[in-house]
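Have a look at the structure below before the remarks.
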Amino acid sequence: MSPRSTQVNQRLHEEQKERILSAALPVFAQKGLAATKMADIAAAAEMGYGSVYHYFPDKEAIFTALIQQMMQGSIQHTQEALAMPGTPWERLQWWLSRTMIRVRQHPQIALFITQVLINESEHQDLRQLAYQLSRAAQNELRRLIVEGQEAGQVVSGNPDRLAMAVQSCLYGFAIEAAFDPDQAREHFPDAEMLLRLLKA
């Protein structure tokens, strides 16, 4: 049997890292960084305790990688919206619809960020990263709002306040979905409800 190629090994390595990150997210969201142990993450990933250290040196590295991954995803999401053809309102509709789907399917992301911002005062560097992620998402939404205001399609007003209002609703929806999934499945609002706040 021939040895695996470097490319295959790299792909398998990245797949295992992604497996660890996906498993760690709900653990961190529930327990926070301080109370989470590498053994908790290994158990959630269904991997050997020592295997996790092969991919990450400590839980802080996993924590940091999660925040960076979310930031990259958020930036890419907005870049896709801004590059779309159509009117500013259509781009905003697309962005918010996709965001609502993500919030509904992965509410632990908002819980994770909230956990960091509120409870991780001993880890100021990680807290700052989480703050940057939250602020970046709000700034991206603000950019779409300003574009819509300039086209006369979004209600006039302070775009920072409008973006904060929408983002606060999204965080609230995520918390509801995380703590009562059955209720969320039945009553989770659609993007049109939030878009009414922004319609000119």
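Determine, yes or no, whether S51 is of a type in the set (G, A, S), surrounded by 17 or more Cβ atoms within 10 Å (Cβ to Cβ) and on the phi < 0 side of the Ramachandran plot. Against the criterion (of a type in the set (G, A, S), surrounded by 17 or more Cβ atoms within 10 Å (Cβ to Cβ) and on the phi < 0 side of the Ramachandran plot), S51 does not qualify. Listed by position, the helices (runs of 4 or more DSSP H) enclosed by the stretch 1-92 that each have at least 1 residues that are touching an Asp or Glu at 6+ places or on another chain (Cβ under 8 Å) and of a type in the set (V, I, T) are 6-35, 59-83.
Just to verify a result, which residue in the stretch 95-131, among those that are assigned to a helix (DSSP H, G or I) and more than 17 Å from the chain's Cα centre (by Cα), is modelled with the lowest pLDDT?
N119
The values are calculated or read from the model by the stated rules, or taken from the named source; none is laboratory data. Predicted, not measured: the structure shown is a model, and the values here were computed from it. Backbone-built Cβ (ideal geometry, glycine too); neighbour counts: all protein chains shown.
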